[in-house]
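Here the structure is laid out as structure tokens; the discussion comes afterwards.
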Amino acid sequence: MTKTHVSRALVESSNGQLKEMRVFVYDLPPKYNVEWLSNERCSNHLFASEVAIHRALLNSDYRTFDPLEADFFFVPVYVSCNFSTINGFPAIGHARSLIASAVALISSHYPFWKRTNGSDHVFVASHDFASCFHTMEDVAIADGVPLFLKNSIILQTFGVNYKHPCQDVEHIVIPPYISPDSVQDTLMKSPVTGRRDIFAFFRGKMEVNPKNVSGRFYSKKVRTMIWRKFNTDRRFYLQRHRFAGYQSEIVRSVFCLCPLGWAPWSPRLVESIALGCVPVIIADGIRLPFPSAVNWPEISITVAEKDIGKLGTILEHVAASNLTTIQKNLWDPRNRRVLLFHNQVQEGDATWQVLRALSEKLDRSYRRSRISKQ
């Protein structure tokens with residue numbers, strides 16, 4: 001059997017399992033989720049997959065109201081909605097206690113947590129270092145994944161291809177949240193195949209002095225080095241200040257720089273692909289979401305952090321050689337669909353990809369294990 005036939009067989013088998021899979025969504029008190037939506041940013045910021053996945057599951061054919069039929073149990077706790085008014089960063093110091101409280105609640109009112117010690121329960125941790133629940137990597141590593149989550153499945157934006165304490169738990173790497181409505185609005189004004197007069201683009205935090213007020217070096221100095229090296233280079237359009245309409249700049253750009261921030265992942269990765277700009281990933285060791293659905297090497301450029309100084313030369317070489325092929329692959333609308341969350345599950349979209357990934361973990365389903373024993 002050829003590799004293509006094997007891949008097709010695996011996909012068909014996975015899709016068959018997905019059709020039969022059922023998820024029970026816990027109906028938690030509002031203090032764990034919907035009360036946080038009083039902050040308007042909660043459902044639209046880069047961490048909002050915790051809200052979008054919950055909403056999509058509530059309206060999904062994969063949802064069951066009978067927990068005895070469930071393969072997985074989704075625990076909808078929003079922990080990224082609390083924004084500091086000082087710097088705009090999410091304040092997630094409350095995350096551990098809030099989720100611990102939710103676990104205590106469901107384990108005292110339902111029998112399903114205790115029978116598997118939570119191994120068929122699913123949580124979202126859509127911020128910098130996932131279920132380590134801290135934005136600073138050294139603190140996140142020191143804290144580690146809470147013991148009460150160690151057996152569960154975590155949907156997380158953080159993923160690296162080396163051993164790391166913050167992914168030392170069963171997990172699925174998911175994309176950060178970008179509003180599909182904002183993408184659609186931008187595409188209506190400027191199609192992805194339109195004129196692109198910006199060669200290389202980045203807008204975001206690029207400190208001239210990389211040592212942040214926290215005392216740590218932001219972006220491992222990568223963004224500062226990009227600014228220092230290419231700020232006066234006419235090929236590069238680099239902006240350090242916020243601009244609400246910056247998606248209109250992405251859709252005009254050939255290459256969009258996606259350097260690491262505190263963590264390796266970036267919402268720019270999703271925006272670039274959704275708006276037809278070739279993402280230039282500068283984050284050593286990053287593990288990207290849904291590799292079975294997105295052929296990342298065909299639609300993106302990866303530049304090692306140590307090669308920042310060669311960035312101009314690297315991009316010029318790509319532009320002169322295989323840019324047309326990369327753009328053709330990138331503009332396939334399926335790539336956009338895979339990385340965007342919607343309020344209702346659409347076949348092939350980000351929540352659908354999460355469900356498909358869960359269907360590959362049915363060995364953790366208590367119901368399935370009982371059926372197989374019978």
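Taking each residue of segment 42-62 that is in contact (Cβ under 8 Å) with a residue 60 or more places away in the chain and within 16 Å of R22 (Cβ to Cβ) and looking for partners that are open to solvent by 10 Å² or more (accessible area, probe 1.4 Å) and charged (D, E, K, R) with beta-carbon atoms closer than 7 Å, six or more apart or interchain, yields L57/R63; Y62/R22.
Scanning segment 251-273 for residues that are surrounded by 23 or more Cβ atoms within 10 Å (Cβ to Cβ) and among the β-branched types (V, I, T) gives V251, V270, I273. Working only within segment 283-313, note down all residues that are open to solvent by less than 20 Å² (accessible area, probe 1.4 Å), over 18 Å from the mean Cα position of the chain (by Cα) and in contact (Cβ under 8 Å) with a residue 60 or more places away in the chain. Correct list: I308, L311, G312.
Determine, yes or no, whether L323 is under 18 Å from the mean Cα position of the chain (by Cα) and either under 29 Å from R234 (Cα atoms) or hydrophobic (A, V, I, L, M, F, W, C) (or both). Considered against the rule, which asks whether it is under 18 Å from the mean Cα position of the chain (by Cα) and either under 29 Å from R234 (Cα atoms) or hydrophobic (A, V, I, L, M, F, W, C) (or both), L323 comes out as no.
Only one of the numbered conditions (1) open to solvent by less than 10 Å² (accessible area, probe 1.4 Å); (2) within 16 Å of the chain's Cα centre (by Cα); (3) more than 17 Å from L323 (Cβ to Cβ) is violated by F230, and that is (2).
Checking each residue in segment 243-264 for being touching a strand residue (DSSP E or B) at 6+ places or on another chain (Cβ under 8 Å), free of Cβ contacts under 8 Å to residues at least 60 places away in the same chain and not in a helix (DSSP H, G or I) picks out F243, Y246, S253, C256, L257, C258, P259, L260. Does at least one position in segment 314-331 carry a residue that is over 23 Å from R268 (Cα atoms) and either free of Cβ contacts under 8 Å to residues at least 40 places away in the same chain or assigned to a helix (DSSP H, G or I) (or both)? For segment 314-331, residues over 23 Å from R268 (Cα atoms) and either free of Cβ contacts under 8 Å to residues at least 40 places away in the same chain or assigned to a helix (DSSP H, G or I) (or both): present. Within segment 150-166, if we keep just the residues that are under 17 Å from the mean Cα position of the chain (by Cα) and in contact (Cβ under 8 Å) with a residue 60 or more places away in the chain, the residue that is nearest to A104 (Cα to Cα) turns out to be I153.
Here is the figure for segment 120-149: residues that are surrounded by fewer than 24 Cβ atoms within 10 Å (Cβ to Cβ), within 22 Å of the chain's Cα centre (by Cα) and among the small types (G, A, S) total 1.
The values are calculated or read from the model by the stated rules, or taken from the named source; none is laboratory data. These figures come from a predicted structure and were not determined experimentally. Cβ sites come from the backbone with ideal geometry, for glycine too, and all protein chains shown count toward neighbours. SASA here: full protein model, heavy atoms, side chains in, ligands and nucleic acids out. Shrake-Rupley method; radii C 1.70, N 1.55, O 1.52, S 1.80 Å.
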